[in-house]
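Trainee: Once you've had a glance at the structure underneath, I'll fire off some questions.
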Amino acid sequence: MTLLELEGVRKSYEDEDVLRGVSFAMDRQDVEVIVGPSGSGKSTLLRCVNRLTEIDDGAIYLDGEEIHGIDENDLRRRVGMVFQDFNLFAHRTARGNVTLGLTAVLGLSKPEAVERADDYLDRVGLADQADSYPAELSGGQKQRVGIARALAMDPELILFDEPTSALDPELIGEVLGVMRDLAEGGTTMLCVTHEMGFARSAASTLTFLDDGRVVERGPPEQLFENPREDRTRSFLGQLTDLER
Amino acid sequence: MTDGETATPGSDPTETRGTTVGDLPGRRRLAVLAAGTVFWTWLLARWAYHNSLLDGLFTALGFPDLIRSERGVRQREGWIPAEPFGAAADAVGTVAAALGPAGVLVDWLRWVLDLAAFATTTAPALASGAFVTVYLTVLSMLFGLVIAVPLAVARVYGGRALRAVSLAYTELIRGTPLLAQLFFLYFGLPLASIAEDVGFTGQPPIPRAAAAVAIVGFTINSSAYQSEYIRSALQSVDPGQLTAARAVGLSKFQGIRYVVLPQGLRFAIPGWTNEFVYLIKYSSLAAFITVPDLFRQARNIGSETFQFTNIYVVVALFYLALVLTTAIAMGRLEDRVAIPGVGQSGPRE
Ligand SMILES: Nc1ncnc2c1ncn2[C@@H]1O[C@H](COP(=O)(O)OP(=O)(O)O)[C@@H](O)[C@H]1O
Ligand SMILES: [Mg+2]
C-alpha cells in the first residue's frame, strides 16, 4: 500500500533549479535508498517531504493525503527525520532529547515520556547513556540518540539524510546496525546514504538522483548489476570502489 | 552606555569573563571572600537595622524601637567608632613631624587613617544609599530581562514588522543619553505624580516616586542593551537546533522556548554580567532626579563636609564592592547552569 508518493516535485532557489520534477512512490515498510552526487538535491528532496522546505510545483502525498493539507507540525510528527550532523539538542541529555517531542508534541506526562524514552534508548543500545549530554557522546552514540528521538514519536516514515557521513569509519557500523534492525522490523525508511553495503542488503528500492532528476530507479541488484544508464553505472561504480 | 557611541555592548557576548575575582586561586581568593563577607554582613545588618520595610513589620508586631527608619539618614549613628582612627592619625602626624623631611614616608598612613575615620562616620548614610542603588539595579535588570527576551526573539525570529519594531526600540534607546531619558520621564512626563497618585510609592520599599521613575527608566534602558546581548547569543545558537526541534513536530514558538532560549540565555550570561555591572554604575544618574541612591548620599556628604576627595574615594570603594560581588555571583551562576558543550568551560567551538 502506497505510503508516500511524489508527483513532479520541483524546487528552485533563485537562479538554481534544484529539483526538476521528481516522481516516485513507496509502500509501507519499504526501505528506499537515494544516492546521487553532492548537490544533486537529495537533502532538499527529504526536506520537502516534511516541509522544512516548501516545494514550488508538484504534489506530495502521505497516505493518500496531500501534505500541504496537513498541519505542518502534525506532518512532522508523522514523518521523523535523522540528520547528517545529528542536531541533538545540546542542552538536553540523551533522554531529554527523546522526551521533548513526547511531552511538547504528543502531550505525554513526564513519567510516561521518560519511560518511553528509556525504552527507545535501550533499543538503540544506549540505555546506559541516558543521562549523558551530547557533548559527552561519541558520534555514533549521538546518531543513535538521533534515531531514538525520531523513532520514539512513532512516525509512519523516517527520513535519513546521510546519517553516517559525519562519522569516523569505525563508528559507522553501530549506526548501520540500528538502521538494519529498523528495516527488518518493518519501519518505513527513506534514506539518503552512500553506504552501498546497506543499500544492497536492506534497500527494497534504490534511486539514483542526479541534477534534480531521478535518473534510474529499481531493485538494488538491478542497478548494481544491470543499470540502464551509463551515469548510474559510473556513479555506483565509484562508490563501490571507494568501499573496497 | 548612555550614548551608544562610547560602548557598543552586544558586539561580543563573551568579552567580560576571563580574569574576574571569581577565578583567583587559593589564598588571594580567600582574602577576597573574607573581605566580601565582612562587607556584606555589615551592609545587610545596616539595612536590617535601619529599614523602613522591616521597621513597619516590627512596629506592627509591637517592637517599635527595634528597627529605626524614622530617623534621617544623616542622624544614624555608626557602629564603628571613629575616634581610634582619628587618634591614630594624630599619632602618626606627630611621628611624621618628629622625623622631619623623612616624615613623608609615613605621612601617607595618616591620610589612610583619616580616611578610615571619615568612612566610619559616613558609612551609615552610604549604606542606606547602597540599599537604593542595589534595588534600583536588581529590579531594573530583572524587569529589563523580561522585556529584553521577547525583543531579542523578535529581532532574530520575528517577521519583518516585529523585527523593525524591535530594532527601532533598541536603537532609539541605545542612541539617546540615559540621563536625557530619565529627565524625560521625570520632568517631561507626569510619571512621578501618577506614581504618587496610585499610591504605591511613599510606602516602603520604594521611598519616593522618583525611585519608581528611575526603575522605569533603567528598565527601559537596560532592556535595550540586554536585548542586544541576548540577540547575539541567540544568533550563536546553531540553526540546526531549531530545525531539529521543528522536525520533531514542535512549533516555532515551542522550538524557541524549549531549545533555542535555554542555550542562548546561557551564552548570554557574560554579556548580561557586563550590562549588570554597567547599570550598577550608571544607576548613579538617578541621583539627578532626586533618588537618594549611593551617589546622591555621597554628593550630599561632600557638599556638607567639603571633604570631596575622601567621600568620593569611599563611595568608589562601595561601588567597587558591589561590582565585584556581581561579577563573582554571575560567574558562579554561569558555572552552576553550565552544561557540557553549552556555554562556560572554555571557548565554544
Ligand atoms: N536554502 C538554500 N538556499 C539556496 N540554495 C540552496 C539551499 N539549500 C540547498 N541549496 C542548493 O541546492 C542544491 C542542492 O542541495 P542539496 O539538496 O543539499 O544537495 P545534496 O544533499 O544532494 O548534496 C545545492 O546546489 C545547494 O547549494
Ligand atoms: Mg545533503
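The values are calculated or read from the model by the stated rules, or taken from the named source; none is laboratory data. Quick caveat: nothing in here was measured; it's all calculated off a predicted structure. Neighbour counts run over all protein chains shown; Cβ positions are idealised from the backbone, glycine included. Only protein heavy atoms, including side chains, enter the accessible area calculation; ligands, DNA and RNA are left aside. Shrake-Rupley method; radii C 1.70, N 1.55, O 1.52, S 1.80 Å.
Trainee: Looking only at segment B:288-309, count every residue that is in a helix (DSSP H, G or I) and under 13 Å from B:Val213 (Cβ atoms) and tell me the total.
Mentor: 2
Trainee: Further, regarding this structure: Only one of (1) within 16 Å of ligand 1 (Cβ to nearest atom); (2) under 30 Å from A:Ala127 (Cβ atoms); (3) in contact with a helix residue (DSSP H, G or I) (Cβ under 7 Å, 6 or more places away or on another chain) fails for A:Leu46. Which number is that?
Mentor: Only one criterion in (1) within 16 Å of ligand 1 (Cβ to nearest atom); (2) under 30 Å from A:Ala127 (Cβ atoms); (3) in contact with a helix residue (DSSP H, G or I) (Cβ under 7 Å, 6 or more places away or on another chain) is unmet by A:Leu46, namely (3).
Trainee: Tally the residues that are among the hydroxyl-bearing types (Ser, Thr, Tyr) and more than 28 Å from the chain's Cα centre (by Cα), restricting the search to segment B:249-287. Outline the logic, then answer.
Mentor: Taking segment B:249-287 first, the residues among the hydroxyl-bearing types (Ser, Thr, Tyr) are B:251, B:258, B:273, B:278, B:282-284.
Then keep just the ones that are more than 28 Å from the chain's Cα centre (by Cα); that gives B:251, B:258.
Matching residues across segment B:249-287 total 2.
Trainee: Count, please, the residues in segment B:271-285 that happen to be open to solvent by 10 Å² or more (accessible area, probe 1.4 Å) and either outside any helix (DSSP H, G or I) or of a type outside the set (A, V, I, L, M) (or both).
Mentor: 8
Trainee: Could you check A:Asp181 against (1) more than 16 Å from ligand 2 (Cβ to nearest atom); (2) under 20 Å from A:Leu121 (Cβ atoms); (3) buried (at least 18 other Cβ atoms within 10 Å of the Cβ) and say which number it fails?
Mentor: For A:Asp181, the exception is condition (3).
Trainee: Which condition number does B:Asn274 fail, the rest of (1) under 22 Å from B:Leu178 (Cα atoms); (2) within 14 Å of another protein chain (Cβ to nearest Cβ) being met?
Mentor: Answer for B:Asn274: the failing condition is (2).
Trainee: Applying the selection to segment B:244-267, what residues are farther than 18 Å from B:Ala148 by Cα and hydroxyl-bearing (Ser, Thr, Tyr)?
Mentor: B:Ser251 - this is the single residue of segment B:244-267 that is farther than 18 Å from B:Ala148 by Cα and hydroxyl-bearing (Ser, Thr, Tyr).
Trainee: Also: Among the residues of segment A:16-33, is any open to solvent by 10 Å² or more (accessible area, probe 1.4 Å), more than 14 Å from ligand 1 (Cβ to nearest atom), within 30 Å of B:Ile339 (Cα to Cα) and not in a helix (DSSP H, G or I)?
Mentor: No: zero hits.
Trainee: I've got another one for you. Confirm whether B:Arg246 is within 14 Å of chain A (Cβ to nearest Cβ), modelled with pLDDT of 95 or more and open to solvent by 50 Å² or more (accessible area, probe 1.4 Å).
Mentor: No, not satisfied.
Trainee: I've got another one for you. Can you tell me which condition A:Pro37 does not meet? The list is (1) facing chain B (nearest Cβ under 9 Å); (2) within 16 Å of ligand 1 (Cβ to nearest atom); (3) assigned to a loop (DSSP other than H, G, I, E, B), and all the others hold.
Mentor: That leaves (1) as the condition not met.
Trainee: Does segment A:40-58 hold any residues that are acidic (Asp, Glu) and part of a strand (DSSP E or B), and which are they?
Mentor: In the first step, residues of segment A:40-58 are kept if they are acidic (Asp, Glu); the result is A:54, A:56-57.
A:Asp57 - this is the single residue of segment A:40-58 that is acidic (Asp, Glu) and part of a strand (DSSP E or B).
Trainee: Here's another thing I want to ask about it. Hey, does segment A:150-160 have a residue that's open to solvent by less than 30 Å² (accessible area, probe 1.4 Å), within 16 Å of ligand 2 (Cβ to nearest atom) and in contact with a Ser or Thr (Cβ under 9 Å, 6 or more places away or on another chain)? Break it down stepwise before answering.
Mentor: Taking segment A:150-160 and keeping what is open to solvent by less than 30 Å² (accessible area, probe 1.4 Å), we get A:150-153, A:155, A:157-160.
Applying the additional criterion that residues be within 16 Å of ligand 2 (Cβ to nearest atom) yields A:159-160.
Narrowing further to those that are in contact with a Ser or Thr (Cβ under 9 Å, 6 or more places away or on another chain): A:160.
Yes, the conditions are met somewhere in segment A:150-160.
Trainee: A:Arg78 - would you say it is surrounded by 15 or more Cβ atoms within 10 Å (Cβ to Cβ), charged (D, E, K, R), more than 16 Å from ligand 1 (Cβ to nearest atom) and over 20 Å from the mean Cα position of the chain (by Cα)?
Mentor: no
Trainee: Being buried (at least 22 other Cβ atoms within 10 Å of the Cβ), under 13 Å from B:Arg246 (Cα atoms) and within 8 Å of chain B (Cβ to nearest Cβ) is the filter here; which residues of segment A:82-104 pass it?
Mentor: A:Phe83, A:Asn87, A:Leu88, A:Phe89, A:Leu100, A:Gly101
Trainee: Here is a list: A:Leu19, A:Leu62, A:Leu3. Which entry is more than 24 Å from A:Asp168 (Cα to Cα), within 16 Å of ligand 2 (Cβ to nearest atom) and either modelled with pLDDT of 95 or more or over 16 Å from the mean Cα position of the chain (by Cα) (or both)? Let's see the steps before the verdict.
Mentor: Numbers: A:Leu62 fails: within 16 Å of ligand 2 (Cβ to nearest atom); A:Leu3 fails: within 16 Å of ligand 2 (Cβ to nearest atom).
A:Leu19 is the lone residue from the list that is more than 24 Å from A:Asp168 (Cα to Cα), within 16 Å of ligand 2 (Cβ to nearest atom) and either modelled with pLDDT of 95 or more or over 16 Å from the mean Cα position of the chain (by Cα) (or both).
Trainee: Which ones in segment A:22-46 are within 16 Å of ligand 2 (Cβ to nearest atom), free of Cβ contacts under 8 Å to residues at least 60 places away in the same chain and touching a strand residue (DSSP E or B) at 6+ places or on another chain (Cβ under 9 Å)?
Mentor: A:Gly39, A:Thr44
Trainee: I need the full set of residues from segment B:115-155 which are open to solvent by 50 Å² or more (accessible area, probe 1.4 Å) and modelled with pLDDT under 95, in order please.
Mentor: Selection gives B:Thr121, B:Phe131.
Trainee: Taking A:Thr93 and the conditions (1) within 16 Å of ligand 2 (Cβ to nearest atom); (2) among the hydroxyl-bearing types (Ser, Thr, Tyr); (3) within 20 Å of B:Pro239 (Cα to Cα), which numbered condition does it fall short on, given that it satisfies the others?
Mentor: (1)
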